[in-house]
Structure formats: structure tokens, C-alpha cells
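The values are calculated or read from the model by the stated rules, or taken from the named source; none is laboratory data. These numbers were taken from a predicted model, which means no experiment stands behind them. Cβ placement follows ideal geometry from the backbone for every residue including glycine, while neighbour counts extend to all protein chains displayed.
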Amino acid sequence: MTSRHLIVLLDCGDTIVDEGTEVHDPSGIVLSGGLLPDADGMVRDLVAEGFRIALVADGRYASFENLLSQHRLLDLFETLTCSEAVRHDKPSARMFKAALGSLDLDPADAARCVMVGNNLSRDIAGANRLGITSIHLAWTSRYPKEPAGPEEVADHTIGMPAELVPLLLQLEGDSSSG
């Protein structure tokens, strides 16, 4: 398996799991949920292509453990960074720095990372502030698709999970030729 230069940080809600299908317990922990079309294939293809992947998501660890385990995806993630543990929500730099640290990376390594998420104000703005390449997965109608300001302008936009791996392979090709 080829080892890739880029490291992929993935949000969960409306990036892997369809938030509209989530079932919560009385305390708010997500017990189960359905996947976005091709999200299972996206995660598996990322790993098969040699990308390191990490979850960077707002919420509780138990929710992500439940959701990813339900779809047999949990073990594919190198690390899970969630706001419950960090005690900050995205776009806080602490979330992204915690994710980098859990991958044994320094903030100087941010340029090697891409953040894929559905939320312009959290995922995209947070990534942009740290120099992480931002990829907006504009699948859902639950969140705005138009940036409210320059910080929310994504480096790339995709409409479906299946578009991610081809984009990353293109970006890797672009970076290796430069």
C-alpha cells in the first residue's frame, strides 16, 4: 500500500453520517444513524489508497464510537478528536491542534492535512485559520452553502463523499509535481 503525503481529517455529521437519521438516547448520545450515500466506500477507499484518517468532530466520544462501530468504520480511523474531550468546539484552533497532536504532528505540519466537513463556519473556517486545506462537503441542506465571510471560503468543494478520493489523488499529484 502506498503511503500518502496528505492526512485526512473528517467531520462526522453530514460528512459521514446523515444527521437526519440519528437516534439519540435521553442524555443526547447518538446511538445509531445512517450513512451518507457512498460514505462507507469513501472511508474504506481512503484507507485502501494509503491515506491516514482521523475524525475531528463536535460532540461526545460515545456518539462517534457508536456511529462508526455500527458501520464497522471505527477501526479505520487512526484517532478520534471530539469536542467533549478537548472542551472546545470547532472552529477553535484547539480542536485542530489536538487532532494534529494525536497524529504526532506539529502545527507546522498543518499544510499536510486536509479537513473535510459540512459546516463552513466550523470545519472550513477552523481549517483555514490553521493553514489546513479545507474541503467543503456540500451534501446537506441543513447548513449554509454560501460563505458568510472570507474565512469560510473552502479551498475545494465536493457534493458527494465519492468525490473525495479522486480529488485527494489529484491534489497529491499536483503537490508531487511542484
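What to note about this one:
- Close Cβ contacts (under 8 Å, 6 or more residues apart or on different chains) running from residues in the range 37-60 that are surrounded by fewer than 21 Cβ atoms within 10 Å (Cβ to Cβ) to residues that are among the small types (Gly, Ala, Ser) and at pLDDT below 95 comprise 50/3.
- Test: residue in the range 47-59 that is over 26 Å from residue 171 (Cβ atoms), modelled with pLDDT of 95 or more and small (Gly, Ala, Ser): yes
- Flag if residue 105 is surrounded by fewer than 18 Cβ atoms within 10 Å (Cβ to Cβ) and in contact (Cβ under 8 Å) with a residue 60 or more places away in the chain: yes
- Among residues that are out of contact with any Lys or Arg (no Cβ under 8 Å at 6 or more places or on another chain), free of Cβ contacts under 8 Å to residues at least 24 places away in the same chain and buried (at least 22 other Cβ atoms within 10 Å of the Cβ), residue 100 is included.
- Helices (runs of 4 or more DSSP H) fully within the range 1-89 counting 2 or more residues that are of a type in the set (Ser, Thr, Tyr): 61-70
- Hits in the range 49-82 - residues which are more than 17 Å from residue 96 (Cβ to Cβ), touching a strand residue (DSSP E or B) at 6+ places or on another chain (Cβ under 7 Å) and hydrophobic (A, V, I, L, M, F, W, C): 51, 67, 76
- Looking only at the range 7-21, and only at residues there that are of a type outside the set (Val, Ile, Thr) and closer than 19 Å to residue 80 by Cα, the one that is surrounded by the most Cβ atoms within 10 Å (Cβ to Cβ): 9
- Residue count for the range 132-142, restricted to those that are touching a Cys at 6+ places or on another chain (Cβ under 9 Å) and part of a loop (DSSP other than H, G, I, E, B): 1
- From the list 134, 141, the lone residue that is hydroxyl-bearing (Ser, Thr, Tyr), free of Cβ contacts under 8 Å to residues at least 40 places away in the same chain and farther than 21 Å from residue 49 by Cα is 141.
- Applying the criterion of being of a type outside the set (A, V, I, L, M, F, W, C) and assigned to a helix (DSSP H, G or I) to the residues of the range 94-111, the residue that is modelled with the lowest pLDDT is 107.
- Subset of the range 66-97 [more than 17 Å from residue 29 (Cβ to Cβ), among the polar types (S, T, N, Q) and buried (at least 18 other Cβ atoms within 10 Å of the Cβ)]: 81
- Residue in the range 112-130 that is surrounded by fewer than 16 Cβ atoms within 10 Å (Cβ to Cβ), touching a residue at least 60 places away in the same chain (Cβ under 8 Å), assigned to a helix (DSSP H, G or I) and not hydroxyl-bearing (Ser, Thr, Tyr) present: no
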